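Only one structure is covered here, and it is reproduced in the block below.
What follows draws every value from the coordinates through simple rules; no lab data is involved. The model shown is predicted, which means the values in this text are computed figures rather than measured ones. A quick note on method: Cβ atoms are made from the backbone with ideal geometry, for glycine too, and the neighbour counts reach across all protein chains shown.
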Amino acid sequence: MSIKFWGLSAIVIVIVLFFALAPSWLEESTNRVEGRSDWPVSAAAKQLHETLVIGDMHADSLLWNRDLLDEADYGHVDIPRLRQGNVAIQFFTTVTKSPRGLNYEENAAQALDNITLLAIAQLWPPSTWNSLTARALYQAEKLERLATRAPEQLLILRTRADLERLLAERAQGKELIGGVLGTEGSHALDGDIDNVDVLFENGFRMMSLQHFFDNKLGGSLHGIDKAGLTPFGRQVVERIVEKRIILDVSHSSEAVVRDVMALTDQALVVSHTGFAGLCNTPRNISDALMQRITEGGGLIGVGYWDEAICDSSPAGIVKAIRYGIDTFGEDHIALGSDFDGAVTTRIDTSQLSAITEEMLKAGFSEPEIRKVMGENLVRFLRDSLPQS
């Protein structure tokens with residue numbers, strides 16, 4: 001055979017190997033679990049943990065090509081590991097654009113987009129290669145397919161009736177998990193306000209405004225100018241409030257957060273974060289602004305990675321939770337892991353009982369543990385989800 005034939009064959013093999021291996025290699029290298037894999041958990045903590053209603057406000061697992069019905073030995077979240085961790089409610093947030101570098105201090109909106117490259121490498125539909133709305137809808141479709149394939153394991157929560165069904169079935173001993181769709185920044189709108197309605201109709205019940213860079217709605221906490229809401233951003237916030245979609249100000253500039261609070265009295269969430277008063281990094285907004293959010297009935301999801309809480313061990317997570325309770329009140333603190341969001345953690349979702357163990361060791365009361373692990377989130381969803 002000719003040299004040309006063998007040359008073409010080699011190129012084909014390289015391309016096939018790239019598409020087959022590169023995405024999983026990238027996820028394994030970016031969503032790591034470091035440290036011990038067998039955190040000790042006492043019998044008392046295990047017993048209490050099995051009785052908790054547990055909810056996590058932020059995981060980016062739909063971004064990756066893993067089949068979430070199968071247990072993986074990398075990454076942080078899949079359905080088997082959610083069941084092992086006794087998780088009742090998992091928010092699945094859809095990432096649609098992310099700048100090369102993921103710099104917490106400053107990112108240009110024109111930076112090379114990681115998600116375009118990832119969508120192509122993972123062989124997502126061509127419509128997702130240049131449409132951010134299509135990327136969000138494709139990830140929503142992935143969750144819908146999971147729920148269709150395993151309805152006894154996953155229920156997508158769109159209404160309060162769905163939530164009550166989930167809680168009733170879990171009270172009967174079933175291991176059903178409720179999935180809630182959210183966006184990681186409103187880049188998913190592609191600059192069209194009517195896409196708020198499109199996302200809502202496709203099951204999205206939480207939307208954040210910014211991610212790692214400024215966008216048409218306003219400034220990011222990690223953008224260039226840290227500006228407030230634009231006129232378009234104000235229109236989008238008003239539409240989100242009108243649709244009763246949960247409004248997440250994670251990654252938003254402090255000016256945007258203040259503008260949002262001036263525009264609406266709807267309770268806000270910060271779905272995955274740390275506290276500046278405990279861990280003063282560019283990832284966290286000021287405690288003073290957090291205080292205003294919680295005074296308005298808001299909910300804060302404590303993250304599990306170093307850049308947010310400065311110590312990602314179970315004890316470090318619990319230290320951040322304790323700080324949140326002591327500073328903002330036990331009714332306003334929840335879990336917001338940022339699992340599968342290109343972060344390194346010390347636990348995956350199957351190991352959440354290690355947090356329960358550390359809370360008991362730190363002297364938390366049982367009501368505090370129950371509220372933080374999920375009851376605060378359930379209450380918030382009851383107040384926020386549409387009835388039908």
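Seen from every direction in turn and averaged, the convex hull around the alpha carbons of segment 42-384 projects onto 15.2 nm². For the chain, lysine pairs with C-alpha atoms less than 15 angstrom apart, excluding pairs fewer than eight positions apart on the same chain, total 4. Comparing Cα centroids, segment 40-69 and segment 324-388 end up 10 angstrom apart. Once you reduce segment 181-229 and segment 282-313 to the center of their Cα atoms, the two points are 20 Å from each other.
Only helical DSSP H runs with n ≥ 4 go in: add -39500 (n - 2.57) per run for the chain, normalise by residue count and round the 222 nm mean residue ellipticity to 500 deg cm²/dmol. All intermediate terms of the calculation are to be shown ahead of the outcome.
Working: 15 runs with 160 residues, N = 388.
Value at 222 nm, helices only, nearest 500: -12500 deg cm²/dmol.
Sort 82-93, 223-234, 119-130 for me by packing, meaning the mean count of neighbouring Cβ atoms within 10 Å per residue, highest on top.
Descending packing order for the listed peptides: 82-93, 223-234, 119-130.
The convex hull around the C-alpha trace of segment 70-185, projected and averaged over every direction, spans 8.9 square nanometres. For segment 147-216, the alpha carbon convex hull comes to 102 Å³ per residue, rounded to a whole number.
Bridges between two residues of segment 42-384, per DSSP, are antiparallel at a rate of about 10%.
Which of the helices in the chain, when you take each full DSSP H run, stretch at least 27 Å along the axis at their Cα atoms and have an average Kyte-Doolittle score of 0.0 or higher?
3-30
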